[in-house]
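Trainee: First, the structure itself, so that you have it in front of you.
Just so it is clear, none of the values below were taken in a lab; they were calculated from the coordinates. These numbers were taken from a predicted model, which means no experiment stands behind them. Cβ: placed from backbone, ideal geometry, glycine included. Neighbour counts: every protein chain shown.
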Amino acid sequence: MELVLENVSKAYGAQVALDAVSFAVHPSEIVALVGPNGSGKSTLIKAIATIHATTGGTIAIDGRDVRSIEPIELAMLLGYVPQGFSYTLYSTVFETVLMGRRRYIRWSVSDEELSRVQRSLDTLEMGQHAGKFMDELSGGERQKVFIARALAQEPAIYLFDEPTSALDIRYQIEVMETMRRITREQQTSMIVAVHDLNLAYRYADVVVVLNRGKMVGCGKPCDVLTPDCIRSVYGVDSFAIENEFGKFIVPFRARLPP
Amino acid sequence: MTGTPQDAPAAVSVHSLYKSGSARRLALIAGLSLLVVVAAIFSAGIGTVSLSPEDTILAVAHACAVSIQNFLHTYLPVAGSWYDAIPFTVPAPSNPQAELIVVGFRLPRIFLAILTGISLAVAGAVMQGLLRNPLVSPFTLGLSSAASFGAAIAIVIGPAVLGGLLAIGSDSFVIIMAFVFGWLSMLLVYAISRARGVNQATLVLSGVVIGYIFSAGITALQYISSNEKLRDLMVWLMGGMWGASWGAVLLLIPLTLIPVFLLERMAWDLNALSAGDDVAKNLGINVNRLRLSGLMIATFAASCCLAFTGIIGFIGLMAPHICRMIIGNDHRYLIPCAGLLGAAILLVSDTAARTIMSPVEIPVGVIMYVIGGLFFLFLIMRARGRGLY
């Protein structure tokens with residue numbers, strides 16, 4: 001499935017949250033959205049998921065405007081993982097993941113659906129926690145449960161809003177490795193908002209840089225995430241180092257406002 | 001190797017977890033159903049005249065047999081003679097008054113308590129799910145007060161003014177007024193819940209405030225109403241099962257069970273809504289439509305029952321909560337369990353209300369305030385340092 005954004009804009013009254021953002025996402029691609037807090041990453045992801053309406057431009061999946069697609073069908077195309085936590089006290093892990101299959105469940109739950117839940121939990125090595133209650137988990141484990149729910153949804157396009165923010169570095173790498181493998185294997189794509197520029201650098205095929213709702217960069221990580229770009233967007237001085245493991249960005253100093 | 005086709009870690013498979021969970025939930029439904037039946041038999045037997053359980057059951061069975069016989073003889077004489085030929089008779093209870101006491105007086109009251117318990121508890125469970133707030137219930141959202149205000153208007157002004165125009169009976173007028181005002185309060189709550197920046201505590205607070213406003217209206221009505229109407233009104237506001245009659249019960253059976261069925265059909269969407277509005281939308285659920293229609297149906301069921309019983313508090317808070325603690329959050333099972341537990345709690349409380357100080361009755365509303373208030377405190381204490389929802 002190909003996702004094309006054209007001049008997507010969103011304003012809350014006079015405040016512009018997104019200003020004519022255009023880019024395309026192809027199958028097997030991971031697109032990283034980077035930018036400072038309040039730059040519009042979450043707003044853009046919610047606009048694609050049709051959680052928030054846009055005020056201009058079009059978002060189309062294979063040429064069809066997302067607003068014209070029935071919510072039920074859209075649920076099979078887009079899998080959204082929110083930034084914040086929202087869960088219910090008395091829900092267990094597997095029940096939470098099972099919700100990803102909501103569209104395929106009429107009343108009783110078939111063994112097939114349960115197998116899919118089991119698979120997505122196993123993919124993230126969360127199988128042993130299946131029977132636990134959500135409030136018995138650590139913040140990082142909970143975040144993995146929400147990712148597992150999106151995996152169980154088996155969408156064509158994953159929309160992750162800072163999925164690794166509560167994970168420790170090991171889990172961050174694991175989750176991104178898993179997502180890269182899944183997108184390659186299933187020919188699916190993923191749009192992910194991240195703060196860690198090195199994660200974007202290592203795992204994204206395309207990096208989209210947002211600043212105050214405007215798209216200020218779009219392209220391969222090595223072309224876009226330059227010290228100049230980071231300085232102008234984040235106000236941070238950085239340098240890149242390269243060794244046998246790849247290229248890394250090292251931010252080292254915040255520039256004082258002029 | 002345990003012979004499972006997959007090499008999944010045998011510790012906890014999702015399949016076995018799901019099956020054991022379902023079994024536990026079905027067991028709870030069965031247990032609660034049994035509890036309601038036993039409580040009903042027990043309740044029908046005690047009072048100013050106490051009857052043995054055998055007499056209670058015989059009284060009901062005998063009355064059923066006699067009325068079936070009468071029905072057949074009147075409308076289907078052929079089947080009637082066939083029925084008479086069956087060598088099966090239900091003996092009359094040993095206490096000759098048993099049938100009148102049980103069927104005439106106690107059973108309608110028992111049914112009213114059960115139906116009210118079901119509708120308030122189911123409404124509470126659904127409202128908690130829809131608004132994603134564990135502290136909401138028909139009582140805490142002001143619905144009870146609002147519906148009672150509507151019913152109070154109907155009692156004080158009487159059907160003469162409006163009901164006469166619509167040519168409807170006074171019972172239906174009370175129900176319609178209770179529903180209209182109940183629904184009005186829910187619309188207010190819904191509007192508040194949609195406003196930006198409203199958190200869960202604010203929602204409950206605004207419900208309490210809405211409740212107070214309608215309570216003030218009730219007080220004003222008490223002040224202006226005549227003596228005999230005031231008495232009717234007071235009986236109402238204390239909340240009790242005095243309004244019980246077979247007519248009321250037969251009316252309430254469909255008015256309770258149809259909404260429960262409709263709400264039960266929303267169970268999966270309610271489950272998905274627990275993941276939050278944004279995720280629920282992404283799962284293909286029309287969140288606004290679900291919330292509005294769910295609130296409307298729950299309000300309808302609760303208001304209809306409240307129209308006959310007056311203000312009964314906290315049952316819609318307690319029953320769903322206890323069930324959530326036992327079987328978790330799957331609304332497919334939570335809705336029936338909460339309904340049955342609500343029925344059991346209200347039935348036992350009402351039985352206590354009419355027997356503790358026999359022959360003087362305490363309004364069951366008063367008992368529910370005491371039990372429910374303590375439970376509310378327990379919830380608040382338990383929630384400290386831990387998310388409620």
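Trainee: Normalised by the residues of the range B:113-383, what does the relative contact order come to in percent, with Cα pairs under 8 Å and at least six apart? Before the final figure, lay out each step's value.
Mentor: Numbers: 435 pairs, mean separation 96.1, N = 271.
Worked out over the range B:113-383, it gives 35 percent.
Trainee: In which sequence would A:Cys218, B:Cys337 go, from the one with the fewest C-beta neighbours within 10 Å to the one with the most? Working shown, then result.
Mentor: On the way: A:Cys218 17, B:Cys337 29.
Least to most surrounded, the residues fall as A:Cys218, B:Cys337.
Trainee: Another question, then. Which loop chymotrypsin sites (Phe, Trp or Tyr not before Pro) in the range A:182-257, with loop taken from DSSP, have no more than 14 other Cβ atoms within 10 angstrom of their Cβ? Intermediate results must be reported in sequence, preceding the final value.
Mentor: Values: sites: A:Tyr201, A:Tyr203, A:Tyr234, A:Phe239, A:Phe245, A:Phe248, A:Phe252; in loops: A:Phe245.
Passing sites in the range A:182-257 are A:Phe245.
Trainee: Which of the trypsin sites (Lys or Arg not before Pro) across the range A:55-159 are loop residues per DSSP, with 13 or fewer other Cβ within 10 Å?
Mentor: Here the sparse-neighbourhood loop sites are A:Arg106.
Trainee: Using square roots of five times the C-alpha gyration tensor eigenvalues, list the equivalent-ellipsoid semi-axes of the range B:228-380 in whole Å, biggest first. Intermediate values should be presented prior to the final figure.
Mentor: Values: eigenvalues 203, 67, 35 Å².
Square roots of five times the eigenvalues give 32, 18, 13 Å.
Trainee: Right, here's the next one. Identify which of A:Pro27, A:Pro155, A:Pro163 has the largest mean-square fluctuation in a Gaussian network model of chain A, with springs joining Cα atoms closer than 10 Å.
Mentor: So, out of A:Pro27, A:Pro155, A:Pro163, the one fluctuating most is A:Pro27.
Trainee: Given a Förster distance of 35 angstrom, what is the FRET efficiency for B:Asp277 paired with A:Ala254, based on the Cβ-Cβ distance and rounded to 0.05? Walk me through the numbers before you get to the answer.
Mentor: Details: r = 36 Å, r/R0 = 1.03.
So, using R0 = 35 Å, E works out to roughly 0.45.
Trainee: Next up: Calculated FRET efficiency, A:His26 and A:Glu177, Cβ-Cβ r, R0 25 Å, to nearest 0.05? Walk me through the intermediate numbers first.
Mentor: Numbers: r = 21 Å, r/R0 = 0.82.
Once rounded, the FRET efficiency stands at 0.75.
Trainee: What number do you get for the protein assembly as shown when its Cα radius of gyration is normalised by 2.2 N^0.38 Å, N = residues?
Mentor: On the way: Rg = 30.3 Å, N = 647, 2.2 N^0.38 = 25.7 Å.
In units of the 2.2 N^0.38 Å rule of thumb, it is 1.18.
Trainee: Report the label-to-label distance for B:Ala191 and B:Ser293 in nanometres (one decimal), using points 7 Å from each Cα along the Cα→Cβ vector.
Mentor: 2.4
Trainee: Here is a follow-up. Normalised by the empirical 2.2 N^0.38 Å for globular proteins, what value does the Cα Rg of chain A take?
Mentor: Working: Rg = 18.6 Å, N = 258, 2.2 N^0.38 = 18.1 Å.
My calculation over the Cα atoms of chain A gives 1.02.
Trainee: Starting from the range B:13-107, pick out the chymotrypsin sites (Phe, Trp or Tyr not before Pro) whose DSSP state is loop and whose Cβ has at most 16 other Cβ atoms within 10 Å. It would help to have the intermediate numbers written out before the result.
Mentor: Values: sites: B:Tyr18, B:Phe42, B:Phe71, B:Tyr75, B:Trp82, B:Tyr83, B:Phe88, B:Phe105; in loops: B:Phe88.
Counting only loop positions with at most 16 other Cβ atoms within 10 Å, the chymotrypsin sites (Phe, Trp or Tyr not before Pro) in the range B:13-107 are B:Phe88.
Trainee: If you don't mind, there's one more thing I want to ask. Can you give the extra length, in nm with one decimal, that the chain gains between A:Arg64 and A:Arg170 once fully stretched, where that is 0.36 nm per residue apart less the Cα-Cα distance? Could the numbers behind the result be given before it?
Mentor: Details: separation 106, 0.36 × 106 = 38.16 nm, distance 3.86 nm.
Stretched out fully, the A:Arg64 to A:Arg170 stretch lengthens by 34.3 nm.
Trainee: What pairs from A:Lys132/B:Lys19; A:Lys10/A:Lys144; A:Lys10/A:Lys41; A:Lys10/A:Lys46 go past 20 Å between their alpha carbons? Numbers along the way, then the final one.
Mentor: Details: A:Lys132/B:Lys19 15 Å; A:Lys10/A:Lys144 30 Å; A:Lys10/A:Lys41 12 Å; A:Lys10/A:Lys46 11 Å.
The answer is A:Lys10/A:Lys144.
Trainee: As a test of understanding, state the convex hull volume per residue of the range B:113-383 from its alpha carbons, in Å³. Show your work: numbers first, answer last.
Mentor: On the way: hull volume 34.8 nm³, N = 271.
Residue-normalised Cα hull volume stands at 128 Å³.
Trainee: Quick check on the protein assembly as shown: of the DSSP beta bridges with both residues there, what percent are antiparallel, nearest 5%?
Mentor: 60
Trainee: Then there's this: Rounded, prolate or oblate: pick one for the range B:238-324, where a ≥ b ≥ c are the square roots of the eigenvalues of its C-alpha gyration tensor, a/c under 1.5 means rounded, and failing that, prolate if a/b is larger than b/c, else oblate. Kindly include the intermediate steps, with their values, before the conclusion.
Mentor: Details: a/c = 2.93, a/b = 2.07, b/c = 1.41.
Judged from the Cα gyration tensor, the range B:238-324 comes out prolate (a/c at least 1.5, a/b above b/c).
Trainee: What helices in chain B pass both tests, a Cα length along the helix axis of 20 Å or more and a mean Kyte hydropathy of 1.0 or higher, using whole DSSP H runs? Walk me through the intermediate numbers first.
Mentor: Details: long enough: B:14-45 (46 Å, 1.24); B:53-75 (33 Å, 0.52); B:107-131 (35 Å, 1.77); B:143-157 (21 Å, 2.03); B:170-194 (36 Å, 1.58); B:200-224 (37 Å, 1.46); B:246-265 (29 Å, 1.77); B:287-309 (32 Å, 1.20); B:331-355 (36 Å, 0.88); B:364-383 (28 Å, 2.22).
Span-like helices in chain B: B:14-45, B:107-131, B:143-157, B:170-194, B:200-224, B:246-265, B:287-309, B:364-383.
Trainee: Which one, B:Ile327, B:Ile57, B:Ile356, has the greatest fluctuation when you compute a Gaussian network model over chain B with C-alpha springs under 10 angstrom?
Mentor: In the Gaussian network model the winner is B:Ile356.
Trainee: So for A:Ile51, B:Ile371, fewest C-beta neighbours within 10 Å to most, what's the order? Write out the running numbers ahead of the final one.
Mentor: Working: A:Ile51 21, B:Ile371 17.
Neighbour counts put them in this order, fewest first: B:Ile371, A:Ile51.
Trainee: Determine the distance separating the Cα centre of the range B:37-61 from the Cα centre of the range A:211-252; give it in Å without decimals.
Mentor: Computed from Cα coordinates, the inter-centre distance equals 80 Å.
Trainee: Also, quick follow-up: Top mean-square fluctuation among B:Gly313, B:Gly45, B:Gly284, Gaussian network model of chain B, C-alpha springs under 10 Å?
Mentor: Comparing B:Gly313, B:Gly45, B:Gly284 in a Gaussian network model of chain B, the most mobile one is B:Gly284.
Trainee: According to the square roots a ≥ b ≥ c of the eigenvalues of the Cα gyration tensor, what is the shape class of the range B:91-141, taking rounded for a/c under 1.5, prolate for a/b larger than b/c otherwise, and oblate for the remainder? Please report the intermediate quantities before stating the final value.
Mentor: On the way: a/c = 6.74, a/b = 4.62, b/c = 1.46.
Prolate is the answer for the range B:91-141, as a/c is 1.5 or above and a/b outweighs b/c.
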